[in-house]
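Worksheet: the structure to be examined is printed underneath.
The values are calculated or read from the model by the stated rules, or taken from the named source; none is laboratory data. No experiment lies behind these values; they were computed from the predicted model shown. Cβ atoms come from the backbone with ideal geometry, glycine included; neighbour counts cover every protein chain shown. Just the protein is used for accessible areas: all its heavy atoms, side chains included, with ligands, DNA and RNA removed. Shrake-Rupley method; radii C 1.70, N 1.55, O 1.52, S 1.80 Å.
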Amino acid sequence: MGCCVSKFPPTETHPEKEKLQNHGAGQLISSRAPPSANSAAAAGGGSADPGVTSSGVPSFCEFSFADLKAATNNFSPDFIVSESGEKAPNVVYKGRLQNRRWIAVKRFPKLAWTDPKQFAEEAWGVGKLRHRRLANLIGYCCDGDERLLVAEFMPNDTLAKHLFHWERQTIEWAMRLRVALYIAEALEYCSNEGRPLYHDLNAYRVLFDEEGDPRISCFGLMKNSRDGKSYSTNLAYTPPEYLKNGRVTPESVMYSFGTVLLDLLSGKHIPPSHALDMIRGKNIILLMDSHLEGKFSTEEATIVVGLASQCLQYEPRERPNIKDLVATLSPLKPKSDVPSYVMLGISKHEEAPPTPQRPLSPMGEACSRLDLTAIHQILVTTHYRDDEGTNELSFQEWTQQMRDMLDARKRGDFAFRDKDFKTAIDCYSQFIDVGTMVSPTVYARRSLCYLMNDQPDVALRDAMQAQIVYPDWPTAFYMQSVALAKLDMHQDAADMLKDAAGLEEKRQKGGRGS
């Protein structure tokens with residue numbers, strides 16, 4: 001997945017970053033964690049595999065910018081999952097690594113974290129945490145002035161979407177209580193691990209995983225910049241002490257938790273001052289979500305309203321601590337045997353995307369029916385027209401190295417044309433190993449050669465390398481779809497075929513085609 005040795009490992013000197021070439025798809029180069037990370041293993045679980053914990057969460061590591069660029073399709077607007085889209089100060093993208101794992105990538109503005117060492121140390125501090133109630137941080141990237149965080153991707157939207165913008169059904173009362181408890185448990189774990197500050201806790205920071213269970217985003221455990229604001233929401237929802245001194249404290253987190261409780265109770269984003277007026281006037285029924293009428297326990301609602309009122313006290317010292325929250329909410333567990341995805345009304349697992357409805361190109365048709373002979377003929381016909389612009393070589397490089405390289409590629413092309421696929425692999429490998437030129441077409445051709453020799457795993461790796469060289473090249477996506485299908489990963493194959501067809505459709509009006 002492109003992880004590499006950190007330039008800024010905690011409490012150590014900063015050795016030069018190792019430059020490793022030709023590592024396989026999804027290969028973990030380093031996942032070295034800080035010494036204090038052992039304390040996090042109790043929640044996440046240890047593992048003999050240095051790349052993945054026993055809970056299935058990858059170990060924290062540094063990513064290259066190139067890998068994240070490829071994973072997000074060159075940070076395509078189509079991959080943005082931030083609520084405000086491109087207008088958000090810190091844009092979050094979904095992405096897919098070479099090992100097929102979905103990720104969430106937060107990209108900071110250029111000047112948000114000017115000191116890469118400070119950013120790396122902050123990221124490592126959050127990255128040591130591992131808990132089932134967190135959307136865990138699995139990596140970061142410091143490359144030039146780029147600063148990015150990488151987290152587990154949660155596929156089932158935010159609490160805000162399910163509460164404020166629902167389409168099929170609102171969240172039932174038992175699920176709302178579960179959300180409140182799980183958030184409290186996440187905050188308690190973070191506090192116990194020495195990370196008690198959560199910046200701008202709100203309904204948009206609560207995410208639902210593939211099982212429908214709520215988790216809080218790890219992104220809130222870091223500020224949006226080294227010296228920037230910790231709250232981006234309306235001032236009406238900001239802790240009063242933060243407005244005075246600009247500092248976040250554990251008590252500030254309790255205030256924000258109170259605003260989330262109001263969201264859960266009302267199904268609306270009500271200003272705390274307005275909600276407190278209703279609570280003081282004993283108008284609890286007016287506060288409650290009208291869609292829950294007759295479907296909730298008045299006794300339970302009274303407890304949650306009282307807890308929200310305590311969290312929203314003006315004086316920080318009058319608010320409960322995190323252990324009080326967990327102790328109050330833990331006994332409220334109606335429908336504890338019902339899975340979260342059932343209560344949310346969603347499918348447990350992500351369904352395979354449908355086959356694209358748009359007409360497929362000849363390449364798309366050939367890939368959809370796994371017709372390797374037709375794919376071969378198309379690649380022979382298109383030759384190298386899509387490689388334009390992928391290389392910039394000096395005159396010295398042309399005169400000293402290019403002759404042998406181009407000769408190897410030429411021999412590979414002849415073998416490829418004549419369907420001598422083993423010879424083509426050898427010749428194309430000579431071309432690739434020199435490394436002076438990078439050619440997406442060579443990777444695509446060698447990928448097909450591997451498929452013809454019944455080696456879909458390395459064929460997939462080459463197709464992914466073609467995408468890294470040329471991130472929005474449909475042919476790279478098409479070749480991945482074929483390799484995935486050969487590996488019996490039919491859901492991913494259909495997904496990739498759909499992506500390829502979409503890219504091809506966008507490029508019909510201009511640009512390099514497939």
Could you calculate the FRET efficiency of ASN192 with GLU315 from 1/(1 + (r/R0)^6), where r is the beta carbon distance between them and R0 is 30 Å, rounded to 0.05? 0.75
Using only alpha carbon pairs under 8 Å that are at least six residues apart, calculate the relative contact order of the stretch 87-232 and give it in whole percent. 26
Once label points are set 7 Å from the Cα along Cα→Cβ at both SER290 and ASP78, what is their separation, rounded to one decimal in nm? 4.0
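Based on the Cβ-Cβ distance from LYS335 to GLU146, what FRET efficiency comes out when R0 is 56 Å, to the nearest 0.05?
That gives a FRET efficiency of 0.80.
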Take ASP157 and SER347, extend 7 Å from each Cα along the Cα→Cβ direction, and tell me the distance between the two endpoints in nm. 1.6
LYS410/LYS323 FRET efficiency (R0 56 Å; Cβ-Cβ; nearest 0.05): 0.20
Burial-style ranking of 292-298, 207-213, 197-203, average other-beta-carbon count within 10 Å with highest first, yields 197-203, 207-213, 292-298
If you count only protein heavy atoms and use a 1.4 Å probe, how large is the accessible surface of TRP102, to the nearest 10 Å²? 60
What are the ³J(HN,Hα) values, in whole Hz, obtained from phi via the Karplus relation 6.51 cos²θ - 1.76 cosθ + 1.60 with θ = phi - 60°, for each residue of the stretch 422-431 in sequence order, with x given for Gly and Pro? 5, 5, 4, 4, 4, 5, 5, 5, 4, 4
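Using the heavy atoms of the protein chains and a 1.4 angstrom probe, tell me the accessible area per residue for the stretch 172-221 in square angstrom.
On the way: 1160 Å² over 50 residues.
Dividing the accessible area of the stretch 172-221 by its residue count gives 23 Å².
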Exposure ranking of MET278, MET464 by accessible area [1.4 Å probe, largest first]: MET278, MET464
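Tell me the GluC sites (Glu not before Pro) within the stretch 83-170 that lie in a loop according to DSSP and have at most 11 other beta-carbon atoms within 10 Å. Walk me through the numbers before you get to the answer.
Details: sites: GLU83, GLU86, GLU121, GLU122, GLU146, GLU152, GLU167; in loops: GLU83, GLU167.
Within the stretch 83-170, the qualifying GluC sites (Glu not before Pro) (loop, at most 11 other Cβ atoms within 10 Å) are GLU167.
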With each label point set 7 Å from Cα along the Cα-Cβ vector, what nm distance links GLU211 and GLN118? 3.9
Take the alpha carbon gyration tensor of the stretch 113-251, find the square roots of its eigenvalues, order them as a ≥ b ≥ c, and report rounded if a/c is under 1.5; if not, report prolate when a/b exceeds b/c, else oblate. prolate
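From the P(r) of the stretch 87-189, could you give the percentage of C-alpha pairs in the tail past 24 Å?
37
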Any chance you could run the full-extension gain for TRP166 through HIS490? It's 0.36 nm times the residue separation minus the Cα-Cα distance, nm to one decimal. 113.6 nm
First compute the accessible area of the stretch 427-514 with a 1.4 Å probe, then give the percent of it belonging to carbon and sulfur atoms. 45
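List, in the order given, every pair from LYS69/LYS223; LYS94/LYS223; LYS161/LYS223; LYS295/LYS333; LYS110/LYS161; LYS106/LYS223 whose Cα-Cα distance in the structure shown is over 18 Å.
Numbers: LYS69/LYS223 23 Å; LYS94/LYS223 20 Å; LYS161/LYS223 23 Å; LYS295/LYS333 15 Å; LYS110/LYS161 29 Å; LYS106/LYS223 12 Å.
Checking Cα-Cα distances, LYS69/LYS223; LYS94/LYS223; LYS161/LYS223; LYS110/LYS161 exceed 18 Å.
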Accessible area of the stretch 137-191 belonging to carbon and sulfur atoms, whole % at 1.4 Å probe: 41
Using 0.36 nm per residue of separation minus the Cα-Cα distance, give me the extension gain between LYS244 and THR302 in nm, one decimal. 17.7 nm
